[in-house]
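A.B. asks: Here it is: the structure, laid out below.
The values are calculated or read from the model by the stated rules, or taken from the named source; none is laboratory data. Predicted model only: the values in this text are computed from it and were never measured. Please note: Cβ atoms are built from the backbone with ideal geometry, for glycine as well, and neighbour counts cover all protein chains shown. With ligands, DNA and RNA removed, areas are computed over all heavy atoms of the protein, side chains included. Shrake-Rupley method; radii C 1.70, N 1.55, O 1.52, S 1.80 Å.
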Amino acid sequence: YIVACANHEDSERKQDRWDALYDRLQTLSDLSENMGRPRKHLVALKKQPCALKYYIFDIRIYPRPVYDAGTEVLRKIQIAGTKSLYNFARVITRAFDFEFDHCFGFYDNLQKYHDSKRSYELFVDIGETAPSFTVKVVNKTKINQVFKNIGEKKLFLFDYGDGWYFTVELKEIKQAEKWDLKPVILESTGKAPLQYP
């Protein structure tokens, strides 16, 4: 329940509060194991492994004439697979020092996004586009529902006016050791272009 609440918060500050609450409850749960049982009857309970999986992505921004096309600009991001595409979009834009202030979408056609067989757009969430078999919402769609296989790529288009294009490639899925839901930038290569030069 707490994980779901964190995923659906628009405010990053509130997401952090939900994550902190989960950490406190997990600590209390760990402390309470075997509490109140007589010492001679203690049973060593096998700790359940964390069911959370981290998804690790390489995210590259497409070259544009406004900055040096010869320089690769990449961010390697680790994020919980249970996070929504909306949260993922916010993490991507912040990783490149962009304001999260425009509509966006994820597309399976990297060259011509309008020809995608499957896409996820904020326009559907805000009611500007009707949901269909090919176009889905971003707020209720989780990363692990969209990215299934290592090496899978999607186009992330941010700001349809200025047209910032990113390739999002799933590099690794790994088992989490604890329920840590905070996304992490694992690697940063190249200087991000200015969003508003």
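So that you can scan it fast, the table gives a plain yes or no per residue for (1) of a type in the set (Asp, Glu); (2) modelled with pLDDT of 80 or more; (3) more than 28 Å from LEU122 (Cα to Cα):
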site: ASN7; (1), (2), (3): no, no, no
site: ASN34; (1), (2), (3): no, no, yes
site: LYS53; (1), (2), (3): no, yes, no
site: PHE57; (1), (2), (3): no, yes, no
site: LEU74; (1), (2), (3): no, yes, no
site: TYR86; (1), (2), (3): no, yes, no
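A.B. asks: If you don't mind, another one. If you go through the stretch 96-109 one residue at a time, do you hit one that is assigned to a helix (DSSP H, G or I), touching a strand residue (DSSP E or B) at 6+ places or on another chain (Cβ under 6 Å) and either buried (at least 17 other Cβ atoms within 10 Å of the Cβ) or modelled with pLDDT of 95 or more (or both)?
C.D. replies: Filtering the stretch 96-109 down to residues assigned to a helix (DSSP H, G or I) leaves none.
Within the stretch 96-109, not a single residue is assigned to a helix (DSSP H, G or I), touching a strand residue (DSSP E or B) at 6+ places or on another chain (Cβ under 6 Å) and either buried (at least 17 other Cβ atoms within 10 Å of the Cβ) or modelled with pLDDT of 95 or more (or both).
A.B. asks: Would it be correct to say that PHE133 is within 30 Å of ARG17 (Cβ to Cβ) and either touching a strand residue (DSSP E or B) at 6+ places or on another chain (Cβ under 8 Å) or not basic (Lys, Arg) (or both)? Talk me through it step by step, then tell me what you get.
C.D. replies: Values: within 30 Å of ARG17 (Cβ to Cβ): no; either touching a strand residue (DSSP E or B) at 6+ places or on another chain (Cβ under 8 Å) or not basic (Lys, Arg) (or both): yes.
Judged against the criteria, PHE133 is not a match.
A.B. asks: Of (1) more than 24 Å from ILE56 (Cα to Cα); (2) in contact with a helix residue (DSSP H, G or I) (Cβ under 9 Å, 6 or more places away or on another chain), LEU122 satisfies all except one. Which?
C.D. replies: Just one mismatch for LEU122, condition (1).
A.B. asks: With the structure loaded, tell me whether THR71 is assigned to a loop (DSSP other than H, G, I, E, B), buried (at least 20 other Cβ atoms within 10 Å of the Cβ) and not aliphatic (A, V, I, L, M) or whether it fails that test. Before you say what the answer is, go through the steps one by one.
C.D. replies: Numbers: assigned to a loop (DSSP other than H, G, I, E, B): yes; buried (at least 20 other Cβ atoms within 10 Å of the Cβ): no; not aliphatic (A, V, I, L, M): yes.
No; evaluated as a whole, the condition is false for this residue.
A.B. asks: Counting only residues that are touching a residue at least 60 places away in the same chain (Cβ under 8 Å) and farther than 22 Å from ASP162 by Cα, how many does the stretch 98-139 have?
C.D. replies: Selection size over the stretch 98-139: 1.
A.B. asks: Among the residues in the stretch 143-156, are any out of contact with any Asp or Glu (no Cβ under 9 Å at 6 or more places or on another chain), without any contact (Cβ under 8 Å) to a residue 24 or more places away in the chain and either part of a loop (DSSP other than H, G, I, E, B) or under 20 Å from TYR62 (Cβ atoms) (or both)?
C.D. replies: yes
A.B. asks: If you check every pair at least six apart or on different chains, which have Cβ atoms under 6 Å apart with a residue in the stretch 14-27 that is closer than 17 Å to CYS50 by Cα and without any contact (Cβ under 8 Å) to a residue 40 or more places away in the chain first and a residue that is open to solvent by 70 Å² or more (accessible area, probe 1.4 Å) and not in a helix (DSSP H, G or I) second?
C.D. replies: none
Per-residue answers, yes or no, for (1) under 23 Å from CYS50 (Cβ atoms); (2) of a type outside the set (Phe, Trp, Tyr):
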{"residue": "PRO131", "(1), (2)": "no, yes"}
{"residue": "LYS136", "(1), (2)": "no, yes"}
{"residue": "ILE143", "(1), (2)": "yes, yes"}
{"residue": "LYS148", "(1), (2)": "yes, yes"}
{"residue": "GLY151", "(1), (2)": "no, yes"}
{"residue": "ASP159", "(1), (2)": "no, yes"}
{"residue": "PHE166", "(1), (2)": "no, no"}
{"residue": "LEU170", "(1), (2)": "yes, yes"}
{"residue": "ILE173", "(1), (2)": "yes, yes"}
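A.B. asks: Additional query: Take the residues in the stretch 157-178 that are closer than 14 Å to GLN78 by Cβ and in a loop (DSSP other than H, G, I, E, B); name whichever of them is least open to solvent (accessible area, probe 1.4 Å). Can you show your working first?
C.D. replies: Here is the first cut: in the stretch 157-178, the residues closer than 14 Å to GLN78 by Cβ are 168-178.
Then drop every residue that is not in a loop (DSSP other than H, G, I, E, B), which leaves 176-178.
On the way: ALA176: 5, GLU177: 177, LYS178: 132 Å².
Looking at residues that are closer than 14 Å to GLN78 by Cβ and in a loop (DSSP other than H, G, I, E, B), I get ALA176.
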